[in-house]
Amino acid sequence: MNIENQYGESVIPKAEWDSPMFNLAQQQFLGAAKLLGIDDNIRKRLLFPQRTQIASFPCRKDKYSEVETVFGYRVQHTLTMGPTKGGIRYHEDVNLGEVSALAMWMTWKCALMHLPFGGAKGGVRIDPKQMSRSELQRLTRRYTIEFVNMIGPDKDIPAPDMGTNAQVMAWIMDTYSQQVGHSVPQVVTGKPVVLGGSQGREQATGRGLVYLIKDAAFHIGIDLKNATAVIQGYGNVGKNTALFLEQAGVKVIAISDVSCGLYNESGLALSAIDDHLQENSTLQGYAGADQISNNELLELECDILAPCALQNQITSQNAPYLKCKMLAEGANGPTSLAADKILWERKIFVLPDILGNAGGVTASYFEWVQNTQEYAWSLEEVNSRLHKIMVEAFQRTLIRSQRDNVDMRTAALMEGISRVAEAKLLRGVFP
Ligand code: NAD
């Protein structure tokens, strides 16, 4: 049985992938594919992930008698472009649809940046904040073993995403290496530098986003020295985005985490907030700013609004009330289809997720290249290569957006999708 999408086209039922986030990713793809006039066979091939694996497995708690059954996922969306690449997310809402959407976006992102990877993503449905370090280590090692035949330096290379970090990558690298009998640093990226991680990888997503914000600000006529920024999410991406914006002379007036938002119209003292966070692991209770909700934060008056937390934050409900000039997406999937239309009508300039947060996978690519060549680059070399790739992708997207009169998200998708479609046509159908 076939179903119809919003363009009145007949597509295969979504079945097991069905979720709001996967639906968003599919609809974005179908919209861009229609504008590109993509071959129908290829369109159908790209609408679903090529490989998915779900595992339920045990995680022994620190209290030895307690064993929790958890669900883990790994999805490889496209195997045409080279090995697949994508982060691993630990979050209590992770499901197959979410991981599949993230894997699809990784395909377009890598293609947009001209990286030799297809998209993948992984995840475990747990709340990492409720787990001890030793529980997290056992969980990570068991997850790695469950998916050990799927990942590999020439097959599929994980990296950090929400809820995971360099330490988690070190455990994955160690577990994989124990299995094959020798060290394989290139099986993951985002590792600690001492284990073969790249200089600058940890900061790269925020740094890359700020490279783009600088070019976008120039394009739309914002003087960063007199600009204000609001950032949702203060983890890896949000914190580094705040830091590099501050270094560029921007006044960061609000930030948030899952607990609350902090607002000070004269600018936040980021280093004092970092000290507070070090001690308390939450923004809650910081005295040097007004406490606001995450919803209030999104509607603050500012030049740059950077969602750097979760998906589905900018919707038809709040898009009419945003008071920013630029939406710089660090998070994946923060904006709904309906909100995109409103932002376009309201002339709010968007740095879309597959471009905005691509600094992370670009530096991950550098890490993989360095590991493969067994040669480490300096921070300066990483940053200058990152800058070049980010600004070139920005220019390609901007030119496409102006030429085809489409919004920046559609332009970025078209850049990525057309490259993958071309590669698929060239490789042909086996057998
Ligand atoms: P993280 O776990 O380091 O930080 C997430 C932050 O978001 C935390 O401050 C958390 O408290 C906050 N948060 C969680 N739920 C929230 C909510 N409901 N409201 C407000 N804040 C909330 O994660 P991260 O690595 O910074 O990833 C954030 C986003 O960026 C995700 O969408 C991820 O897919 C995307 N991303 C990350 C990378 C990377 O290199 N880490 C690369 C590309 C994209």
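Inside region 33-112, counting only strands (runs of 3 or more DSSP E) that do not spill past its ends, which hold 1 or more residues that are within 14 Å of the ligand (Cβ to nearest atom) and of a type in the set (Lys, Arg)? Even if it seems obvious, please write down each step before you answer.
Working: elements: 51-60, 67-76, 84-91.
Qualifying strands (runs of 3 or more DSSP E): 84-91.
Using the structure shown, decide if ALA269 is farther than 21 Å from ASP353 by Cβ and away from the ligand (no atom under 15 Å from the Cβ). Answer is yes for this residue.
Has region 349-368 got at least one residue that is open to solvent by less than 20 Å² (accessible area, probe 1.4 Å), more than 28 Å from GLN313 (Cα to Cα) and modelled with pLDDT of 95 or more?
Step one: list which residues in region 349-368 are open to solvent by less than 20 Å² (accessible area, probe 1.4 Å), which gives 350-364, 366-367.
Still in the running and more than 28 Å from GLN313 (Cα to Cα): 366-367.
Those left that are additionally modelled with pLDDT of 95 or more: 366-367.
Yes, some residue in region 349-368 is open to solvent by less than 20 Å² (accessible area, probe 1.4 Å), more than 28 Å from GLN313 (Cα to Cα) and modelled with pLDDT of 95 or more.
Take the conditions (1) under 22 Å from SER336 (Cβ atoms); (2) surrounded by fewer than 19 Cβ atoms within 10 Å (Cβ to Cβ); (3) at pLDDT 95 or above; GLN6 misses just one of them, which is (3).
The rows are residues; the columns are (1) under 29 Å from ASP223 (Cα atoms); (2) in a helix (DSSP H, G or I); (3) touching a helix residue (DSSP H, G or I) at 6+ places or on another chain (Cβ under 7 Å); (4) in the same structural domain as SER183 (by TED's automatic domain parsing).
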site	(1), (2), (3), (4)
ASP340	yes, yes, yes, no
ALA363	yes, yes, yes, no
GLU380	yes, yes, no, no
ILE389	yes, yes, yes, no
MET414	no, yes, yes, no
GLU422	no, yes, no, no
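Considering only region 363-380, I want to know if a residue exists there that is more than 16 Å from the ligand (Cβ to nearest atom), hydrophobic (A, V, I, L, M, F, W, C) and within 20 Å of LYS85 (Cα to Cα). Among the residues of region 363-380, at least one is more than 16 Å from the ligand (Cβ to nearest atom), hydrophobic (A, V, I, L, M, F, W, C) and within 20 Å of LYS85 (Cα to Cα), which makes the answer yes. Going by what's in this entry, would VAL230 be described as open to solvent by less than 20 Å² (accessible area, probe 1.4 Å) and either under 20 Å from ILE213 (Cβ atoms) or assigned to a loop (DSSP other than H, G, I, E, B) (or both)? Here the answer is yes, as VAL230 does meet what is asked.
Taken together, the criteria exclude LEU262 from residues that are surrounded by fewer than 20 Cβ atoms within 10 Å (Cβ to Cβ) and touching a helix residue (DSSP H, G or I) at 6+ places or on another chain (Cβ under 9 Å). Note on region 113-139: residues that are of a type in the set (Asp, Glu) and assigned to a helix (DSSP H, G or I) total 1. For ARG201, the conditions (1) buried (at least 21 other Cβ atoms within 10 Å of the Cβ); (2) touching a residue at least 24 places away in the same chain (Cβ under 8 Å); (3) more than 15 Å from the ligand (Cβ to nearest atom); (4) not small (Gly, Ala, Ser) all hold with the exception of (3). Among the residues of region 365-378, the ones that are free of Cβ contacts under 8 Å to residues at least 12 places away in the same chain and assigned to a helix (DSSP H, G or I) come to 2 in all.
Taken over region 290-326, the residue count meeting the criterion of being within 20 Å of GLY249 (Cα to Cα) and more than 12 Å from the ligand (Cβ to nearest atom) is 9. Please enumerate the residues belonging to region 327-338 that are more than 10 Å from the ligand (Cβ to nearest atom) and part of a loop (DSSP other than H, G, I, E, B). SER336 - this is the single residue of region 327-338 that is more than 10 Å from the ligand (Cβ to nearest atom) and part of a loop (DSSP other than H, G, I, E, B).
Pick from VAL168, VAL180: which is among the aliphatic types (A, V, I, L, M), in contact (Cβ under 8 Å) with a residue 60 or more places away in the chain and not assigned by TED's automatic domain parsing to the domain that holds LYS239?
Working: VAL180 fails: in contact (Cβ under 8 Å) with a residue 60 or more places away in the chain.
Only one candidate passes the filter, namely VAL168.
When you go through LYS341, LYS323 one by one, which is the residue that is touching a Cys at 6+ places or on another chain (Cβ under 9 Å) and open to solvent by 40 Å² or more (accessible area, probe 1.4 Å)? Of the residues listed, the single one that is touching a Cys at 6+ places or on another chain (Cβ under 9 Å) and open to solvent by 40 Å² or more (accessible area, probe 1.4 Å) is LYS323. Selection of region 300-320 for residues being more than 23 Å from the chain's Cα centre (by Cα) and in a loop (DSSP other than H, G, I, E, B) yields LEU300, CYS302, GLN317.
Could we say that PRO116 is at pLDDT 95 or above and either closer than 27 Å to GLN311 by Cα or under 17 Å from the mean Cα position of the chain (by Cα) (or both) here? I'd like the intermediate steps shown before the answer.
Details: at pLDDT 95 or above: yes; either closer than 27 Å to GLN311 by Cα or under 17 Å from the mean Cα position of the chain (by Cα) (or both): yes.
When the stated conditions are applied, PRO116 passes them.
The values are calculated or read from the model by the stated rules, or taken from the named source; none is laboratory data. Here the structure is a predicted model, which is why all the values come from computation and not from measurement. Cβ coordinates were reconstructed from backbone atoms using ideal geometry, including for glycine residues, and neighbour counts include every protein chain displayed. To get the accessible areas, we keep the full protein, side chains included, count just its heavy atoms, and leave off ligands, DNA and RNA. Shrake-Rupley method; radii C 1.70, N 1.55, O 1.52, S 1.80 Å.
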